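Just below is one structure, and these are the notes that go with it.
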């Protein structure tokens, strides 16, 4: 996958995470791509900033389809506290792009497609594991599934996935 698609996917993922406030449902729709859908939600500002910093916005605005596990700003705040770093330090990490790509799958995977214990390869070329009841991606809970976008789907999660 080219660099442009990767950047786009990462941005979408971050934007999706901000939709956990309920605003996402009002803004989500097949007319906006994953990035614009997440930005419109308003609760994915850190994800959006990270996607831009990592150069992934255009990638995630591409044709896709993409499946983005989007952490909310609250999820990023928990990670910052756990790592005892600032947002600026997070955005300056040399592995930021890999972290973001770890939140994106190639293809559109809806919640109804998930099977307990299944694994899926991310754009970071590393696998995530899906669990059901409750629906989880690795150790992150899916708080809002199946937010449709013109180039894929966003699943809001409550934690940042670290490869």
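The values are calculated or read from the model by the stated rules, or taken from the named source; none is laboratory data. Worth saying up front: this structure is predicted, and the values here are computed from it rather than measured. Cβ coordinates were reconstructed from backbone atoms using ideal geometry, including for glycine residues, and neighbour counts include every protein chain displayed.
Brief remarks follow.
- Members of segment 32-53 found to be closer than 17 Å to residue 95 by Cβ and surrounded by 24 or more Cβ atoms within 10 Å (Cβ to Cβ), listed by number: 46, 47, 50, 51
- Residue in segment 64-91 that is surrounded by the most Cβ atoms within 10 Å (Cβ to Cβ), counting only those that are in a loop (DSSP other than H, G, I, E, B) and free of Cβ contacts under 8 Å to residues at least 24 places away in the same chain: 85
- Single match in 11, 47 (criterion: in a helix (DSSP H, G or I), within 18 Å of residue 124 (Cα to Cα) and at pLDDT 90 or above): 47
- On the stretch given as segment 92-109, residues that are within 22 Å of residue 147 (Cα to Cα), outside any strand (DSSP E or B) and in contact with a helix residue (DSSP H, G or I) (Cβ under 7 Å, 6 or more places away or on another chain) total 3.
- Matching residues in segment 110-141 - criterion: being part of a strand (DSSP E or B) and in contact (Cβ under 8 Å) with a residue 12 or more places away in the chain: 120, 121, 122, 128, 129, 130, 131, 137, 140, 141
- Qualifying residues in segment 111-135 (those that are exposed (fewer than 13 other Cβ atoms within 10 Å of the Cβ) and over 28 Å from residue 95 (Cα atoms)) - the one modelled with the lowest pLDDT: 133
- Positions within segment 55-71 being at pLDDT 95 or above and more than 13 Å from the chain's Cα centre (by Cα), in sequence order: 65
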